[in-house]
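Have a look at the structure below, then the notes.
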Amino acid sequence: MSARKRFTQVAGITLAGAMSLGLAACSGGDGGSGGGDELATVGFVAVGPEGAWREANESNIQETFTKDAGFDLKFAPAANLDQKSQIDAFTSFVDEGVDVILLSATEGSGWEDSLARAQEAEIPVVLIDRGIEPDDTSLYATRIAPDNVEVSKAVADWAIGAFPDGANYFVLEGPAGVSVVNERNSGWDEVIDAESSFNKLGAQTANWSTEEAKSVFETVLKSNGNDVQLVFAQNDEMGIGAVQAVEEAGLTPGEDVKIATIDGTRGGLEALAAGDLSYVGEYNPIFGDIALEVVEKLVAGEEVESSILVDSAVFDSSEAAQEALDAGRPF
Ligand code: AHR
């Protein structure tokens, strides 16, 4: 896939310079590559099994940071999304003296001590997708992700266009405490709260899960006499769960209730093509190439921007979704 990316480079420093330096210069840690053609060691503190988006993202990172590309990638998925297992893996990578740490945090908060330890060991940390809260950019080298706030604003803009007279809506959120959930709420609320004709019936986490989202939204439909026109589901799997709840209630998804989601996974695009979903805002998970360029610069001791945004597409019709699927997408 051509990398659709917006990669802000520090002015005056070209990637070519970093590439020509190869991986000889390692940026920190005492266990990293000592020079020559040794591999640079990268510790990836990952989320692990969570859904289709995560699978695409973490597979892409592992397929990119290969030995042929000059890396020894040590993949450490969380145990059951548990932050303590991530902190333990993070600490092990610091103690081992890897050259760079990649971190996709299961929780936004609680990382200050770990990040300070990596900083003390002069090991740069790259946040992959998920941010930290509070967001202290001095504690990490950069964060690479699509823009959650902008993706959610675009969903809200679509909703306003789809419902000129407003709507009763419900929000299916990801897990509490996850940075992207707060960012998605922020973008959506900033736009939709300005529209008095939109009535928020409520919001509840369904933990990225189709089954949980179906259960949550079944209750929402019953408690509101089916008078719900719009769902903002913060990922595809939860949107598909809402579709199932709508159908179980004898209603027609896409007509009685419009459901908008974020991610752009195959399941999401197929549901949009079928008319079950009404809008899918892609949150592009394929940025291993961008991460590799960033890591090569960091290993070469160069600086990078504190935030690197990954461009994403918008799918706002069944035709657009079918066209993407026919072109071999998602991602
Ligand atoms: O952090 C990205 C989110 O995590 C995706 O939107 C969701 O599908 C994944 O589980």
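Run the numbers for residue 247 and residue 223: contour at 0.36 nm per residue of separation, minus the present Cα-Cα distance, in nm.
Taking residue 247 through residue 223 to full extension adds about 7.0 nm, to one decimal.
Let me test this: with uniform point scatterers at the alpha carbons of the range 166-307, what is the Debye-based log₁₀ I(q)/I(0) at q = 0.15, 0.16 1/Å?
-0.73, -0.80
To the nearest 10 degrees, how steeply does helix 179-192 sit against the main Cα axis of the chain, on a 0 to 90 scale?
40
Once Rh for the range 125-181 is found with the Kirkwood sum over Cα pairs, what is the Stokes-Einstein diffusion coefficient at 10 °C and 1.306 mPa s, in µm²/s?
So the translational diffusion coefficient is about 116 µm²/s.
Starting from 0.36 nm per residue, how many nanometres of slack lie between residue 186 and residue 150 once their C-alpha separation is accounted for?
Gain on stretching residue 186 to residue 150: 12.0 nm.
State, in angstrom, two size descriptors of the range 186-225 derived from its alpha carbons: Rg to one decimal place and Dmax to the nearest whole number.
12.3, 32
For helix 83-96, what angle does its Cα long axis make with the longest principal axis of the chain, in degrees from 0 to 90 and rounded to 10?
With rounding to tens, the tilt is 20 degrees.
Enter the Cα centre distance for the pair the range 78-94 and the range 256-296, rounded to the nearest angstrom.
The range 78-94 and the range 256-296 have Cα centres separated by 27 Å.
May I ask you to rank 88, 72 by accessible area, largest first, using a 1.4 Å probe over the protein chains only?
Ranked list, largest accessible area first: 88, 72.
In whole angstrom, how far apart do the alpha carbon centroids of the range 136-193 and the range 212-239 sit?
17
Rule-of-thumb check for the range 109-250: C-alpha Rg over 2.2 N^0.38 Å?
1.23
Once the piece of chain linking residue 323 and residue 88 is laid out straight, how much longer is it, given 0.36 nm per residue of separation minus the C-alpha distance between them?
Full extension of this stretch gives 80.2 nm more.
Based on DSSP H runs of at least 4 residues, each adding -39500 (n - 2.57), what is the mean residue ellipticity at 222 nm of the chain after dividing by all its residues, to the nearest 500 deg cm²/dmol?
-12000 deg cm²/dmol
Pick out, from 243, 101, 49, the residue whose Cα sits farthest towards the positive end of the charge dipole of the chain, with +1 on the Cβ of Lys and Arg and -1 on the Cβ of Asp and Glu.
243
Give the total of Lys-Lys pairs in the chain with Cα-Cα distances below 22 Å; include a pair only if its members are 8 or more places apart or on different chains.
Value for the chain: 13.
Suppose every Lys and Arg Cβ carries +1 and every Asp and Glu Cβ carries -1, with no other charges. What dipole size does the chain come out with about its Cα centre, to the nearest 20 debye?
Dipole size: approximately 120 debye.
For q values of 0.14 Å⁻¹, compute log₁₀ I(q)/I(0) with the Debye formula on a Cα-only model of the chain, without solvent.
-1.04
Say R0 is 56 Å: what FRET efficiency, to the nearest 0.05, do residue 256 and residue 138 get from their beta-carbon distance?
My answer for the efficiency is 0.65.
Give the percent of DSSP beta bridges with both residues in the chain that are antiparallel, rounded to the nearest 5.
5
Take the alpha-carbon positions of the range 52-168, form their convex hull, and give its projected area averaged over all directions (one quarter of the hull surface) in nm².
9.6
The values are calculated or read from the model by the stated rules, or taken from the named source; none is laboratory data. Since this is a predicted model, take the numbers as computed values, not measurements. Cβ coordinates were reconstructed from backbone atoms using ideal geometry, including for glycine residues, and neighbour counts include every protein chain displayed. Side chains are part of the model used for accessible areas, which takes the heavy atoms of the whole protein and leaves out ligands, DNA and RNA. Shrake-Rupley method; radii C 1.70, N 1.55, O 1.52, S 1.80 Å.
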